[in-house]
Amino acid sequence: MAEYQAYRLRSGSEFFGKMVDVDEKLHPVPSTAGYEWTETNMFGFNIPEHNIDCLIYLWHHPVLKVTYGGVTIWKGFKMTHLEAEACDFRMAMPMPAEPTDATYPIGLTVRMIAPQREFHLTWQHVKEDSSFDLMLTAAMPPAVRHTGNHLTQMMRTRGTLVLRGSRYTIDGLHSRDRSWGEHRSESPTDLPPIAWMVGTFAEDFAFHVVGFESPEHHPEWQSHYPSVKPAENTLWGYVRDGSRTLGVIASDLYIHRASDGLAPERIELTVRAENGVDYRLEGRVTALVPQPCWPNMIFFMGLTEWRCNGRVGYGDIQDVNQSAHMRRFRRLGS
């Protein structure tokens with residue numbers, strides 16, 4: 001639990017860190033770094049009117065000089081990532097000299113046009129008649145965690161998608177995520193699900209929260225996870241309101257799950273920002289795939305329709321489940 005609490009903010013003056021352009025590039029590896037030293041890049045897009053969501057995830061291991069990751073595109077609800085309309089994730093690919101100026105063996109090319117502002121991604125899966133050509137342009141400045149090595153950023157997405165021969169226009173908002181300079185252990189951990197949530201409504205309103213459900217909503221698992229305290233479930237987040245990026249000081253989260261006891265269906269979320277304002281959000285998952293982004297965990301990846309004060313936006317929930325929790329709380333027969 002300690003490694004997760006390290007992200008949690010304690011002081012209003014410490015909501016955000018800073019980054020420079022060079023932070024978009026691969027960082028030098030310290031002499032003390034172990035094999036779990038990590039950098040990541042995550043991009044994506046959605047097409048809500050067709051219930052299509054896309055994850056592009058690259059997990060780099062500079063000490064080992066390998067990259068894990070790939071592309072998953074799904075439409076509607078899937079029982080496994082192997083049912084997705086397009087999925088190509090690799091355990092190990094050669095790590096390029098620069099992750100954002102490279103072509104990967106899965107047919108994915110990532111080019112950074114302008115640091116912190118613009119990226120061009122293309123991908124082609126010839127055997128399945130699927131491809132995309134995607135431009136991502138900053139819709140807000142990067143929001144950098146107070147640790148100074150992890151950002152989330154709303155991006156404008158434009159381009160085209162061909163999915164098993166059907167052509168779609170990409171024109172919306174999404175959130176990218178990047179991290180660097182930390183060890184990330186793959187060891188199994190006994191924790192409740194961690195929800196990574198983003199919602200983008202327009203260039204003047206977006207949010208991001210990462211944390212646990214409020215334990216007072218879950219008496220059935222409270223006794224299993226005593227380290228998750230009421231009012232201490234929020235690890236980090238922000239609200240983009242107008243031209244300001246506000247730190248999140250607390251959140252109240254409850255996830256209504258499917259009959260299997262695991263997959264998220266609806267979300268009730270209240271976010272309190274540093275300006276003292278409560279933002280009440282309701283989420284409805286419209287497309288879902290369980291994706292092993294880390295092999296020892298299942299990420300329930302869900303395209304989510306968000307509503308807040310009469311406005312409608314879209315984004316993702318990544319509900320991260322550990323094996324111990326799944327054994328305890330999966331409903332048999334579902």
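The values are calculated or read from the model by the stated rules, or taken from the named source; none is laboratory data. Everything numeric in this text was worked out from a predicted model, so none of it was measured. A quick note on method: Cβ atoms are made from the backbone with ideal geometry, for glycine too, and the neighbour counts reach across all protein chains shown.
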* Is it true that some residue in the range 175-182 is surrounded by fewer than 20 Cβ atoms within 10 Å (Cβ to Cβ), modelled with pLDDT of 95 or more, under 23 Å from residue 133 (Cα atoms) and polar (S, T, N, Q)? -> no
* To do: Would you mind listing the strands (runs of 3 or more DSSP E) fully within the range 23-137 where at least 3 residues are in contact with a Pro (Cβ under 7 Å, 6 or more places away or on another chain) and buried (at least 17 other Cβ atoms within 10 Å of the Cβ)?
  => 37-47
* Kindly provide the set of residues from the range 110-165 that are without any contact (Cβ under 8 Å) to a residue 12 or more places away in the chain and of a type outside the set (D, E, K, R), ordered by number. => 113, 114
* Structure fact -> When (1) free of Cβ contacts under 8 Å to residues at least 60 places away in the same chain; (2) farther than 21 Å from residue 176 by Cβ; (3) under 18 Å from the mean Cα position of the chain (by Cα) are applied to residue 239, the one that fails is (2)
* Structure fact -> When the range 296-334 is checked residue by residue, the ones that are closer than 18 Å to residue 195 by Cβ, among the small types (Gly, Ala, Ser) and not in a strand (DSSP E or B) are 323, 324
* Asked: Yes or no: residue 157 assigned to a strand (DSSP E or B) and either at pLDDT below 95 or within 23 Å of residue 270 (Cβ to Cβ) (or both)?
  -> no
* Asked: Does residue 173 fit the bill of being assigned to a strand (DSSP E or B), in contact (Cβ under 8 Å) with a residue 40 or more places away in the chain and more than 17 Å from the chain's Cα centre (by Cα)?
  -> no
* Residue pairs meeting the criteria (Cβ under 7 Å; at least 6 apart or on separate chains; first outside the structural domain of residue 141 (by TED's automatic domain parsing), in the range 198-224; second loosely packed, with under 15 Cβ neighbours inside 10 Å and small (Gly, Ala, Ser)) -> 204/242
* Structure fact -> Log entry, pairs with first residue in the range 296-309 being closer than 17 Å to residue 175 by Cα and touching a residue at least 12 places away in the same chain (Cβ under 8 Å), second being part of a loop (DSSP other than H, G, I, E, B) and of a type in the set (S, T, N, Q), beta carbons closer than 9 Å, six or more apart or on different chains, reads 303/51
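Here are some residues: 169, 189. Which one is β-branched (Val, Ile, Thr) and within 21 Å of residue 300 (Cα to Cα)? Don't jump to the end; show me each part of the working.
Details: 169 fails: within 21 Å of residue 300 (Cα to Cα).
Of the residues listed, the single one that is β-branched (Val, Ile, Thr) and within 21 Å of residue 300 (Cα to Cα) is 189.
Any residue at all in the range 164-178 that is over 17 Å from residue 321 (Cβ atoms) and not assigned by TED's automatic domain parsing to the domain that holds residue 59? Steps first, please.
Step one: filter the range 164-178 for residues over 17 Å from residue 321 (Cβ atoms), giving 164-178.
Keeping just the survivors that are not assigned by TED's automatic domain parsing to the domain that holds residue 59 gives none.
Checked against the condition, which is being over 17 Å from residue 321 (Cβ atoms) and not assigned by TED's automatic domain parsing to the domain that holds residue 59, the range 164-178 yields no hits at all.
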* Collect the residues in the range 310-319 that are among the small types (Gly, Ala, Ser) and in contact (Cβ under 8 Å) with a residue 24 or more places away in the chain, keeping them in residue-number order. => 313, 315
